[in-house]
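This is the structure, below, for whatever I ask next.
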Amino acid sequence: MATRRAQHLAKRITARGRRLTDQRLIVAEALAAGREAVSAQELYARLRGRHPRLALATVYRALEAQVESGMARRLERAGHVSSYIACDPEHHHHLVCVRCQRVEDLDETILKPVLRGISERHGFAVEHERLDFYGLCASCRKLAV
């Protein structure tokens, strides 16, 4: 019997007409289990012991399909390495720790004055925004002192 999370992820995978496969569900579950951004290679390394028939190319394709469907966000690490984080369907932005890769959702109310200022100062009507802030989380900042 599938877990509630697996059922939820399966519905999200198929919501946009994608076919549900075991591999897509395995990758979606593994990504959703963490709150840190992971590269495709890191996720593959975590999964290959339990799923030896899973290919790295399959992990890449599954992650990109999740990005396209809004289930995940692609973030960038130093050296132009892509990492991925599972996302809720509603629009939001992220705070990404460049040291530990922990990702937190940003409170949208913080951005409302910025968007209002863009409209007032530039006469620009923002239709969509995508902001991710990169830096050190509170835990990593304490370690840096």
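A short reminder: the numbers here are calculations on the coordinates, not readings from a lab. All figures in this text were calculated on a predicted structure; none of them were measured in a lab. No Cβ is skipped: glycine too gets one built from the backbone with ideal geometry, and neighbour counts run over all protein chains shown.
Does the stretch 125-133 include one or more residues that are on the phi > 0 side of the Ramachandran plot and in a loop (DSSP other than H, G, I, E, B)?
no
A follow-up question, please. Just to confirm my filter: which strands (runs of 3 or more DSSP E) fall fully inside the stretch 4-100 and include at least 1 residues that are closer than 30 Å to Lys112 by Cα and among the aromatic types (Phe, Trp, Tyr)?
In the stretch 4-100, 81-86 are the strands (runs of 3 or more DSSP E) which contain 1 or more residues that are closer than 30 Å to Lys112 by Cα and among the aromatic types (Phe, Trp, Tyr).
If you don't mind, there's one more thing I want to ask. Check Arg61, Arg74, Arg53, Arg46 and return the single one that is without any contact (Cβ under 8 Å) to a residue 40 or more places away in the chain, among the basic types (Lys, Arg), in contact with a helix residue (DSSP H, G or I) (Cβ under 7 Å, 6 or more places away or on another chain) and within 27 Å of Gly17 (Cβ to Cβ).
Arg74
I'd like to know if the stretch 106-123 contains one or more residues that are in contact with a Lys or Arg (Cβ under 8 Å, 6 or more places away or on another chain) and part of a strand (DSSP E or B).
no
Give me the residue from the stretch 10-43 that is farther than 20 Å from Glu104 by Cα and either within 13 Å of the chain's Cα centre (by Cα) or in contact (Cβ under 8 Å) with a residue 60 or more places away in the chain (or both) and, out of that set, surrounded by the most Cβ atoms within 10 Å (Cβ to Cβ).
Among them, the one singled out is Val27.
Still on this model: Within the stretch 135-145, is even one residue surrounded by 12 or more Cβ atoms within 10 Å (Cβ to Cβ) and in contact with a helix residue (DSSP H, G or I) (Cβ under 9 Å, 6 or more places away or on another chain)?
yes
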